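K.L.:
Below is a structure I'd like to ask you about.
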Amino acid sequence: MDQPRASRPYMPGYGIVGPTQGSGLLPWSWAEERLTASRNYRVASSWPDGRPHAMPVWGIWHDGALWFSSSRQSRKARNLAADPRCVVTY
């Protein structure tokens, strides 16, 4: 897996320096260490109509991906089968 590129969002008025200014961006290894150490995650996917759906899951972070089990009939499995874009947090 390619490592994500560290960047800052453009958010004028919020006190966040621009993407080419300042320091303090964390490397992907920082995030991957925490994902690897965790066993509890949250997976956010989207219902077919676009509404968000977030669920806690137990899993492992291995080779740059979250591995977890779920019933094929579960809402999260059906959401991910229809649209694999999701957000994972620990």
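Values in this text are rule-based calculations from the coordinates and carry no lab data. Computed from a prediction, not measured in an experiment: that's the story for all the values here. Cβ: placed from backbone, ideal geometry, glycine included. Neighbour counts: every protein chain shown.
K.L.:
Give me the dipole magnitude in Debye, nearest 20, for the chain about the Cα centre, with unit charges on the beta carbon: positive for Lys and Arg, negative for Asp and Glu.
P.N.:
340
K.L.:
Give the relative contact order (percent, whole number) for the chain; include only Cα pairs under 8 Å separated by 6+ residues.
P.N.:
26
K.L.:
A follow-up question, please. In Å and on Cα atoms, what radius of gyration and Dmax does the chain show?
P.N.:
16.0, 47
K.L.:
Just 52, 12, 27 to compare: in a GNM of the chain, with alpha carbon springs under 10 Å, which one fluctuates most?
P.N.:
Maximum fluctuation in the GNM of the chain, among the listed residues, is at 12.
K.L.:
What is the sum of charges around residue 26, taking Lys and Arg as +1, Asp and Glu as -1, for the other residues whose C-beta is under 15 Å from the C-beta of residue 26?
P.N.:
+1
K.L.:
Restricting to DSSP loop positions (anything but H, G, I, E, B) with no more than 15 other Cβ atoms inside 10 Å of their own Cβ, which trypsin sites (Lys or Arg not before Pro) remain in the stretch 48-86?
P.N.:
Answer in residue order: 72, 85.
K.L.:
Mean residue ellipticity at 222 nm from the helices of the chain, using -39,500 (n - 2.57) per DSSP H segment of n ≥ 4 over the full residue count, to the nearest 500 deg cm²/dmol?
P.N.:
-5500 deg cm²/dmol
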